[in-house]
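Quick notes on the structure that follows.
The values are calculated or read from the model by the stated rules, or taken from the named source; none is laboratory data. Source: prediction; values computed, not measured. With ideal geometry, Cβ positions are generated from the backbone for all residues, glycine too; neighbour counts draw on all protein chains shown. To get the accessible areas, we keep the full protein, side chains included, count just its heavy atoms, and leave off ligands, DNA and RNA. Shrake-Rupley method; radii C 1.70, N 1.55, O 1.52, S 1.80 Å.
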Protein chains: 2
Amino acid sequence: MPTRHDAVEVILAKRDRHELTDSQIDWVIDAYTRGDVADEQMAALAMAVLLNGMNRREISRWTGAMIASGERMDFSSLSRPTADKHSTGGVGDKITLPLAPLVAACGVAVPQLSGRGLGHTGGTLDKLESIPGWRAALSNEEMLAQLESVGAVICAAGDGLAPADKKLYALRDVTGTVEAIPLIASSIMSKKIAEGTGALVLDVKVGTGAFMKSLDSARELAETMVALGQDAGVHTVALLTDMSTPLGLTAGNAVEVQESVDVLAGGGPADVVELTLALAREMLAGAGRTDVDPAEVLASGRAMDAWKAMIRAQDGDPDAALPQARESHVVTAPSSGVLTRLDAMAVGLAAWRLGAGRARKEDPVQAGAGVVWHARPGDPVTAGQPLFTLLTDEAERFDRALASLEGGYDVAPEGTPFTPGPIVIDRVS
Amino acid sequence: MPTRHDAVEVILAKRDRHELTDSQIDWVIDAYTRGDVADEQMAALAMAVLLNGMNRREISRWTGAMIASGERMDFSSLSRPTADKHSTGGVGDKITLPLAPLVAACGVAVPQLSGRGLGHTGGTLDKLESIPGWRAALSNEEMLAQLESVGAVICAAGDGLAPADKKLYALRDVTGTVEAIPLIASSIMSKKIAEGTGALVLDVKVGTGAFMKSLDSARELAETMVALGQDAGVHTVALLTDMSTPLGLTAGNAVEVQESVDVLAGGGPADVVELTLALAREMLAGAGRTDVDPAEVLASGRAMDAWKAMIRAQDGDPDAALPQARESHVVTAPSSGVLTRLDAMAVGLAAWRLGAGRARKEDPVQAGAGVVWHARPGDPVTAGQPLFTLLTDEAERFDRALASLEGGYDVAPEGTPFTPGPIVIDRVS
């Protein structure tokens, strides 16, 4: 039972730029979870944290208090080490889908507890739910059994993990206090540490389509989260990766599953393969398995076998046809030349407006909706060739989706020199 | 109907140090009053305002929006001009009691809508309620009739005036957002402007026993409020007055009524008389009556006549004996010499702990409780003479009251040179 404090005392301390004590932090998180600190008090505190910051000790304690608000999973009984990956969210970011079975096929268990998408970046569970029969909800026992038998599980995070974070996250969403690095970092890390993974790789996106628009803020978030992981004894590294351009050639649900299966089959867009392998190497290294080459395992077909086993274990049919949108609309290239820019936010918004994502958490998503693009920056294009295919079940959605694509790409005259930037920008450990 | 905005949009604007637009301010105050903006959203906005500030236009608009949230009184039908006074709250601050009838006796009507005390500074209504029979609640019609017949009314502000402020004030109290000058100024001025007074004098207290501890912050608050009054067409001036030392010789309820009656009878402590006259002159000047000398009117007994008429009009008996505390305790001077310091906060807390004030707004107060001091800074004292008399109905309250007086006064050796500072420190107009 934490020492008794007073909500106003804690708010005033942070408002007046003092450090919060360990005892104040433990109390306020516990009391908020129990309802003894009111939403309006936590909102004022969150705004004070956003504007006045927290130091490493405070953030670490805050994270620990959120972990302590709920249950903590334990995978120490598994016969293999565990590693997980978390992405801060990007457009076309289906990397978890090929990555989890690939790492499992390399001998490291992947306990991936995911959320549903809100906004333009989509959610891993929404994508997987386009597979006929597949179910996201697993009991802890089912999860543990699947980790032992298949080595990979992607499922919905239960309500028992970090309930303080769940409540605080919903509050921040409506009070303009989402964009606080201490709160973002502690939110992500409390869930990942409570999840019980032994190693963690963070994919911190930076660019127009990412939550972090600047490299500086992305680096600060990455460094904060890596420090939190270290403080909690979780082997944590972060990659800063580009999210100015969307990943691969698809953004949506079923279309991203198909692209992931292409990668597992040895094909797929080069950038998706590159980032999957880079993250796999980090996860394997974090779990102490530097002896396995994930590129070889991918080429061998064993990652595909793990994918099928993983989908079947959750009642999905990996061989069933994926849902297709009822309506499609093609956007053609306005001129010949080189595609020099494809804006992640424009594509993400278009996919969202087509029905691939949701505005409120109770909204449904369309399995077949999304955007497919037929060139990536650096590719030559010919006037009149298909540049985008827009997919939706409701044709009336095309107009607003087209509006969001407007100005979202550039075609430069043929011969314009252009070199796409790297996908992995930096590494923080 | 204000333009529709979104709560998060308004919060983000202030969070990110932008000016709020008139339309955003109008909307957020209206929507908060109606319940469309939630308490947690307003709490986050209030913290952002506290930390990032508002400029004069924003504060003026904010005040106007709070006024527009409720009814606005109109005294233009009265046969004489109106003037009111507002004090930011001090220990022993009974000035409203002699001041309102004095100014009325000078020919200017005083519509004083007051609140109850919360914390160590006491409330005008609590003091008046120690008079047998007196009632604080008047209808608007009763108030207007009394202003015409008696010229002065001190009564409870109805729920109809600035309901947005009422709701916001309660929220700020529990969210650590009280100490924001834009919010303090707009809270006070929205009520005073809605009250419909033609002229307004602000008594901004500064010192240990005041809300504003430093002269700089008191001056900023005074200047902000004077500007708001000007923007609303109310003739407004502010006096910055000392609140390091409590006013007069009493802090409590019935004891302060008695001291006020002493002043109206031509006696009373010199500082109470001085401040009452200074504020009366400002109110008269604001109402255009520079031809009347309040000192003469006070000496003539006409202010006392107005007091009795005012009390009777609200069913009180001005000649009835005032309630007395059941228990008393005397603190004697530890040595002979000169009283060089009497701390307002120490005295205020002692009176509050004796039962004169309340901790929560639903708590009752004791009419007889309080502190009487028998010397003021500059007065000679003799070892063993009574220095304080503590009054309460519950003897078990003495210990904590005595603890708060400890260290709250200094007696210097006889002959120590000491000159008390001025009561009126500065004037802002």
Legend entry - Unique residue being in the same structural domain as B:Val201 (by TED's automatic domain parsing) and in a helix (DSSP H, G or I) when the list is B:Pro111, B:Pro98: B:Pro98
Legend entry - Flag if A:Val381 is under 20 Å from A:Gly115 (Cα atoms) and not basic (Lys, Arg): no
Legend entry - Tabulated pairs, the stretch A:411-425, first more than 21 Å from A:Ala344 (Cβ to Cβ), second hydroxyl-bearing (Ser, Thr, Tyr) and surrounded by fewer than 15 Cβ atoms within 10 Å (Cβ to Cβ), C-beta under 7 angstrom, 6+ apart or interchain: A:Glu414/A:Ser336
Inset, instruction - Would you be able to tell me the number of residues in the stretch B:40-60 that are under 27 Å from the mean Cα position of the chain (by Cα) and of a type in the set (Asp, Glu)? - result: 1
Inset, instruction - Please tell me if B:Ala68 is touching a residue at least 24 places away in the same chain (Cβ under 8 Å), of a type in the set (Gly, Ala, Ser), open to solvent by 10 Å² or more (accessible area, probe 1.4 Å) and facing chain A (nearest Cβ under 10 Å). - result: no
Legend entry - Residue count for the stretch A:76-95, restricted to those that are out of contact with any His (no Cβ under 8 Å at 6 or more places or on another chain) and assigned to a loop (DSSP other than H, G, I, E, B): 13
Legend entry - Qualifying residues in the stretch A:1-30 (those that are part of a helix (DSSP H, G or I) and over 15 Å from A:Met42 (Cβ atoms)) - the one farthest from the other protein chains (Cβ to nearest Cβ): A:Asp22
Inset, instruction - Can you confirm whether the stretch B:283-290 contains a residue that is in contact (Cβ under 8 Å) with a residue 40 or more places away in the chain, closer than 23 Å to B:Gly92 by Cβ and of a type in the set (A, V, I, L, M)? - result: yes
Legend entry - the stretch A:336-370, subset surrounded by fewer than 20 Cβ atoms within 10 Å (Cβ to Cβ) and of a type in the set (Gly, Ala, Ser), residue nearest to A:Leu128 (Cα to Cα): A:Ala359
Legend entry - Failed condition for B:Lys213, given (1) touching a helix residue (DSSP H, G or I) at 6+ places or on another chain (Cβ under 7 Å); (2) open to solvent by 10 Å² or more (accessible area, probe 1.4 Å); (3) among the charged types (D, E, K, R): (1)
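Name the one entry in B:Leu228, B:Leu168 that is over 29 Å from B:Leu405 (Cα atoms), crowded, with 22+ Cβ neighbours inside 10 Å and out of contact with any Leu (no Cβ under 9 Å at 6 or more places or on another chain). So that I can check it myself, show each step before the final result.
On the way: B:Leu168 fails: out of contact with any Leu (no Cβ under 9 Å at 6 or more places or on another chain).
Result: B:Leu228 is the single residue among B:Leu228, B:Leu168 that is over 29 Å from B:Leu405 (Cα atoms), crowded, with 22+ Cβ neighbours inside 10 Å and out of contact with any Leu (no Cβ under 9 Å at 6 or more places or on another chain).
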Legend entry - Matching residues in the stretch A:31-63 - criterion: being in a helix (DSSP H, G or I), out of contact with any Ser or Thr (no Cβ under 8 Å at 6 or more places or on another chain) and more than 14 Å from every other protein chain (Cβ to nearest Cβ): A:Arg34, A:Arg57, A:Glu58, A:Ser60, A:Arg61
